[in-house]
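Notes follow the structure.
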Amino acid sequence: MSGRLLIVDSVVTNRIVLKVKLLAAKYAVTACATRDEALGHLANDRPDLVVLSLADGPEGVLAFCRALRKDPATTGTAVICLADDGAEGLGVAALRAGADDVMVRPVDDALMLARIRSLLRARNTDAEFRLRGETARVLGLAEPPGDFARPGRVVLVAEEVTQRHDMARRVAEALGQQVIGLAPDRALAPRAMSEAPDVFIILARSGTGAAATFRLVADLRSRSDTRHAAQLVICPRDAPELAAMALDLGVNDVATDGTEMDEIALRISSLLRRKARADQLRASVQSGLRAAVTDPLTGLYNRRYAIPHLASLADRARAEGRGIALMVLDIDHFKAINDTWGHAIGDAVLVGVARRLRDALRAVDLVARIGGEEFLVAMPNTSVEQARAAAERLRITIEGQPFATLQGQPPVEVTLSIGVAMEGNDHPITEDIEGLIARADRALYDAKAAGRNMVTMSLSAA
Ligand code: GH3
Ligand code: MG
Ligand code: MG
C-alpha cells in the first residue's frame with residue numbers, strides 16, 4: 001500500500017534510519033528536523049501519516065499534534081508518536097492530544113509497518129465514509145452526522161475465567177461503563193448478547209494459543225452481527241509479531257499486556273466514537289437513498305427513480321429485441337374526491353390505488369407515482385395484446401370495487417384513465433424516454449377526452 005509519510009525528529013540518525021526503513025517499504029517519505037520545517041512542508045503537501053518524536057520536547061509535540069487534529073486539512077491525517085522508553089504517562093497524553101498510536105523505542109520494525117498499514121487502511125475507510133456522507137448531504141438525503149459519544153457495548157473476550165473477570169472489571173473502572181466478559185465461544189454465539197457489541201477487547205494468547213486468537217478475530221469479522229464491531233487485541237509484551245499479525249488481519253487497534261488502564265480506556269473510547277460515526281453514516285446513507293427514490297405516502301418509486309430505471313428497461317428490451325409497454329394512469333376527477341371527502345380520504349384513496357396497482361402487476365414491472373394522482377407503469381417483454389389486457393385489468397381493478405378508506409367512512413368510488421405507449425415489437429426502441437412518456441400522456445389525454453375510465457393505446461411513434 002503506498003502512502004505519503006512525514007517524519008519529524010530532530011535527531012539526524014533517527015530521522016535517516018526511519019526514513020530508509022519506510023522508503024524500503026515503498027512509502028514516499030519526507031523527513032523534517034523541526035516542527036517549523038514540517039509546517040512549511042504541510043502547507044504544500046498533505047501526508048497521509050505523520051511520525052512525531054516525543055523526545056523533541058513533549059509539550060511542543062503534543063501541541064503540534066492537537067493543531068493537526070484541529071485543522072480541517074489534516075484532521076484525517078494519521079499520527080504516530082514515538083516515545084523513549086520510560087517516558088511514563090506520555091502515552092496517555094499523546095492519545096489525548098489526538099495521536100492514533102504511541103510506540104516506545106526501540107520500536108519493532110514489523111509492528112511499526114503493520115501499524116502504518118492499519119492506520120492508512122482506516123484512513124481510507126474514513127475518507128470513503130466522509131465522501132459518502134458528503135454525497136448524501138449534497139443530494140439532500142442525510143443530516144450531517146453530529147459529534148457525539150453514546151455509551152457503546154464493550155465486550156471483553158478471554159479464555160481464562162479469572163483473568164477475564166479481572167480484566168473486564170479493571171477496564172470497566174477506567175472506562176466508566178459496563179464491560180461484559182465472555183469466553184470466546186460465547187462471543188461467537190449470536191444470542192449471547194441482547195444487542196450487537198460495538199467493541200471487542202480480545203486478550204491474545206501467545207505460543208500455540210495464537211492461532212485460536214487469530215481464528216476468533218477472523219470469525220468475529222465474518223459474522224453479520226459482529227462484523228462491524230471494532231476490535232482491540234491485547235498482546236503479550238514479548239510478542240510484537242503477534243500484534244503485527246493482528247493488525248494485518250484487520251483488527252482496529254492493538255495494545256500490550258501491562259499497558260496503563262487509562263490508555264486502554266482512551267483507545268476504546270476512540271474506537272467507540274469511530275464505530276458510532278460509521279454506524280450513523282451507514283444508516284443515514286441507506287435510509288437516505290431509500291427515501292430519495294420512494295414516495296413516502298404510497299411507498300411506490302418516485303419519478304427520480306422511475307425515469308432512469310425506465311431507460312435501463314428500454315436498453316435491455318432493445319438489446320433483447322423485445323417489446324415494452326409504458327402506461328400513464330391518472331385518477332379521474334380526483335379533485336372532486338378531495339372536495340367531497342376531504343384531503344385525508346384523498347390520501348387514503350391514493351394509498352389504496354397504489355396497492356391495487358402493485359398487486360395486479362408482475363414483480364418485473366415498474367410501478368411509480370410520478371405526480372399527485374398520476375402513476376407510471378412499465379412492463380418489459382410485453383406485446384400489444386398483453387399490454388392492452390394488462391391496462392384493462394388495472395382499470396377494472398380500480399373501478400370494480402369502491403375503496404374503504406378511513407374507519408367509519410363510506411367506501412369511495414374511484415375510476416382511472418390509462419394511456420399506453422408501445423415500443424419495440426418490430427420497431428427499434430426509442431432512446432427518447434421523455435418522448436415515450438409524452439406519447440403515453442397524449443394517449444391518456446385521449447382517454448380523458450373520450451369520457452374517462454378508459455384505456456387508450458398509442459401503438460408506435462412512427
Ligand atoms: P381528471 O379526471 O381530469 O384527472 O381530473 P382531476 O380532478 O383528477 O385532476 P386535477 O389535476 O384537476 O386535480 C388533481 C388533484 O389532485 C388536485 C390536487 O389537489 C390533488 N392532489 C395532488 N396530490 C395530492 C395528494 O398527495 N393528496 C391528495 N389528497 N390530493 C392530491
Ligand atoms: Mg392529473
Ligand atoms: Mg386526475
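List the lysines whose alpha-carbon lies under 28 Å from that of residue 70, not counting same-chain residues fewer than 8 positions away?
19, 275
As an exercise, use a Förster radius of 56 Å and the Cβ-Cβ distance of residue 166 and residue 399 to find the FRET efficiency, rounded to the nearest 0.05.
0.15
Restricting to DSSP H runs of at least four residues, report the calculated mean residue ellipticity at 222 nm for the chain, -39500 (n - 2.57) per run over all residues, nearest 500 deg cm²/dmol.
Counting only the DSSP helices, I get -16000 deg cm²/dmol.
Straight-line reach from residue 335: which lysines have a Cα under 26 Å away, not including same-chain ones fewer than 8 places off?
Here the lysines satisfying the reach criterion relative to residue 335 are 448.
At 1.567 mPa s and 4 °C, plugging the Kirkwood radius over alpha-carbon pairs of segment 118-289 into Stokes-Einstein gives what diffusion coefficient in µm²/s?
Answer from the Stokes-Einstein relation: 77 µm²/s.
Give me 395, 318, 115 ranked fewest to most by other Cβ atoms within 10 Å of their Cβ, as a rough exposure proxy.
Lowest to highest Cβ neighbour count: 318, 395, 115.
How far is the Cα center of segment 407-462 from the Cα center of segment 337-360, in Å?
19 Å
What do you get when you divide the Cα radius of gyration of segment 295-448 by 2.2 N^0.38 Å, with N the number of residues?
So segment 295-448 has a normalised radius of gyration of 1.05.
Could you run the Debye sum over the Cα atoms of the chain, one equal point scatterer each and no solvent, and tell me log10 of I(q)/I(0) at q = 0.06 Å⁻¹, two decimals?
Each listed q maps to, in turn, -0.46.
If contacts are Cα pairs under 8 angstrom and at least 6 residues apart, what is the relative contact order of the chain in percent?
Result for the chain is 10 percent.
What list of ³J(HN,Hα) couplings, whole Hz, do you get for segment 448-456 from phi and the Karplus terms 6.51, -1.76, 1.60, once you set θ to phi - 60° and write x for glycine and proline?
5, 5, 7, x, 6, 6, 8, 10, 10
Residue-wise, which Karplus ³J(HN,Hα) couplings in Hz belong to segment 284-296, taking 6.51 cos²θ - 1.76 cosθ + 1.60, θ = phi - 60°, and x for glycine or proline?
Taking θ as phi minus 60°, the curve returns 6, 5, 5, 5, x, 5, 5, 4, 5, 10, 10, 8, x Hz for segment 284-296.
State, to one decimal in nm, how far the label point of residue 291 lies from the label point of residue 347, with both points 7 Å from Cα in the Cβ direction.
The two pseudo-label positions are separated by 1.7 nm.
Using a 7 Å offset from the Cα along the Cα-to-Cβ direction at both residue 177 and residue 39, what is the distance between the two label points in nm, to one decimal?
Computed distance between label sites residue 177 and residue 39 equals 3.7 nm.
Apply the Karplus curve 6.51 cos²θ - 1.76 cosθ + 1.60, θ = phi - 60°, to the phi angles in segment 438-446 and return the couplings in whole Hz, x for Gly and Pro.
Taking θ as phi minus 60°, the curve returns 4, 5, 5, 5, 5, 5, 4, 4, 4 Hz for segment 438-446.
Using a 10 Å cut-off on Cβ atoms, rank the peptides 298-309, 231-242 from the highest mean neighbour count down.
Going from most to least packed, we get 231-242, 298-309.
Report the FRET efficiency, 1/(1 + (r/R0)^6), for residue 409 and residue 128, where r is their Cβ-Cβ distance and R0 is 35 Å, rounded to 0.05.
My answer for the efficiency is 0.10.
What do you get for the angle between helix 109-138 and the principal long axis of the chain? Use alpha-carbon atoms, 0 to 90 degrees, nearest ten.
With rounding to tens, the tilt is 30 degrees.
Based on alpha-carbon centroids, what's the gap between segment 155-198 and segment 29-81 in Å, whole number please?
If you average the Cα positions of each part, the centres end up 36 Å apart.
Just so you know, all these numbers are worked out from the coordinates, no wet-lab data involved. What you see is a predicted model, and the numbers here were worked out from it, not measured in a lab. Cβ coordinates were reconstructed from backbone atoms using ideal geometry, including for glycine residues, and neighbour counts include every protein chain displayed.
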